[in-house]
Amino acid sequence: MTMPENGAKELAGKRALVTGGSRGIGAAIVRQLLDAGAEVVATARSAASTVPEGATFVAADVRTLAGAQALAAAVQEALGGVDIVVHNAGGARPHKGSSEIPDEEWQEALELNLLASVRLDALLTPLMRERRSGAIVHISSAAVPTPVAPFLHYTAAKAALENYSRGLALELAPSGIRVNVVTPGRTATPGGEATREQWARMAGTSDQGDIPAVPLGRDGRPEDIANAVLFLLSDKANWLTGSSLVVDGGEFHRG
Ligand code: NDP
C-alpha cells in the first residue's frame, strides 16, 4: 500500500461505492480501496463469499431506476454520503449475429452498461457538488474501438458510456469532481471466462484458437485493472479528468 508523505493511507476518510463488487474486477477494486483506507459499500444482486472482508455489502440490481434509488438511499444510510463511485457492474451475452440479439437484451445491455451509471451519478453527484469534491470511474471495455457482431449491444452501450463520461467530466470539473474511464482488455474473471466460453461454443471453435496472443504475454488479472482505478481515484491523478485509461497488455493497441 502506497502512503502519502504524511504517512496516512491515500484514501483515508473517503467513502466509496463499487458496483459489481462481489467478484472479478469489482472485488479487486473493493480490496484496493479498503487497503487504501476507504470505507466501502460493495453492491451486486446477490451476496457471494467473494465479497471482500471489511466492505459493507448491499444487495441491489442496478439495471432499474428503482434499484439505483434503493442503492443510493442504502449508501447514504451506510456511509452518510459518498466521495468515490466506481461503476463496474457490466456485461452481456454474445449472439451469432447482430440480428439475433433480442430486443430485450439490447435493453438490458443499455440498462446495465450505460443507464445504471447515468442514474446513479444523477442520484449521487448533487451531494458531491455541495462538498465540491469527488471522483468517479466508469469501467468500459477495450473492445469498444473494434466492435464485433456477437457483442454489438455491449460495445455500443460501453461506447455511449465513454461519451457520457467525458461530458459528465466537463460538467462536473468546475465543482471539483473528477470523472474518468478505465477500459480493461481480456481479464480473467468469472464473468469474462463464462462469456468467452459461451462465445467459443457458439462459434464452434476453441477460445484460445481464435483470439490473438496478448503482446504482454498473459491475460489481465483483476488487480491489474484495480491498480489503474486506484490511481485515477487518488490525488496522484488530481489533474486527470475526462480521460480513458486502457489496461489491456497491448492487445488493442497493435498498429
Ligand atoms: P463479472 O461478471 O465477473 O462480475 C460482475 C459483477 O457485477 C458481479 O459482482 C455481479 O454480481 C455484478 N452485477 C452483474 N449484474 C448486476 C446488476 N444488474 N446489478 C448489480 N450488480 C450486478 O464481471 P467482470 O469482473 O469480468 O467485469 C467487470 C467490468 O469490467 C464489467 O463492466 C465488464 O463489462 C468490464 N470488462 C471486463 C472484461 C473481462 O475480460 N473480464 C473485459 C472488458 C471489460 P451479481 O451477478 O450477483 O449481480
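Only one of the listed residues (Ala27, Ala89, Ala47) is over 19 Å from Pro184 (Cβ atoms) and either out of contact with any Phe, Trp or Tyr (no Cβ under 8 Å at 6 or more places or on another chain) or surrounded by fewer than 20 Cβ atoms within 10 Å (Cβ to Cβ) (or both). That residue is Ala47. Looking across region 109-153, just one residue is within 10 Å of the ligand (Cβ to nearest atom) and free of Cβ contacts under 8 Å to residues at least 40 places away in the same chain, and that is Val144. Does at least one position in region 115-129 carry a residue that is farther than 22 Å from Gly26 by Cβ and of a type in the set (D, E, K, R)? Yes, region 115-129 contains a residue that is farther than 22 Å from Gly26 by Cβ and of a type in the set (D, E, K, R). Exactly one residue out of Ile177, Ile211 is modelled with pLDDT under 95 and of a type in the set (Val, Ile, Thr), and it is Ile211. For region 145-190, which positions are buried (at least 20 other Cβ atoms within 10 Å of the Cβ), under 23 Å from Asp224 (Cα atoms) and aliphatic (A, V, I, L, M)? Hits for region 145-190 are Leu161, Val179, Val181, Val182.
Of everything in region 25-64, what is within 6 Å of the ligand (Cβ to nearest atom) and farther than 24 Å from Glu104 by Cβ? Give them in sequence order. Ile25, Gly26 - these are the residues of region 25-64 that are within 6 Å of the ligand (Cβ to nearest atom) and farther than 24 Å from Glu104 by Cβ. Within region 44-61, the residues that satisfy the criterion of being out of contact with any helix residue (DSSP H, G or I) (no Cβ under 6 Å at 6 or more places or on another chain) and among the polar types (S, T, N, Q) are Ser46, Ser49. Those residues that are among the aliphatic types (A, V, I, L, M), assigned to a strand (DSSP E or B) and over 17 Å from Val229 (Cα atoms), I need them from region 14-62; list them, please. Across region 14-62, the qualifying residues are Ala44, Val58, Ala59. For region 166-190, taking the residues that are away from the ligand (no atom under 13 Å from the Cβ) and of a type in the set (Gly, Ala, Ser), the one that is nearest to Leu115 (Cα to Cα) is identified as Gly167.
The values are calculated or read from the model by the stated rules, or taken from the named source; none is laboratory data. Computed from a predicted model, the values in this text were never measured in an experiment. Note: ideal-geometry Cβ built from the backbone for every residue, glycine included; neighbour counts use all protein chains shown.
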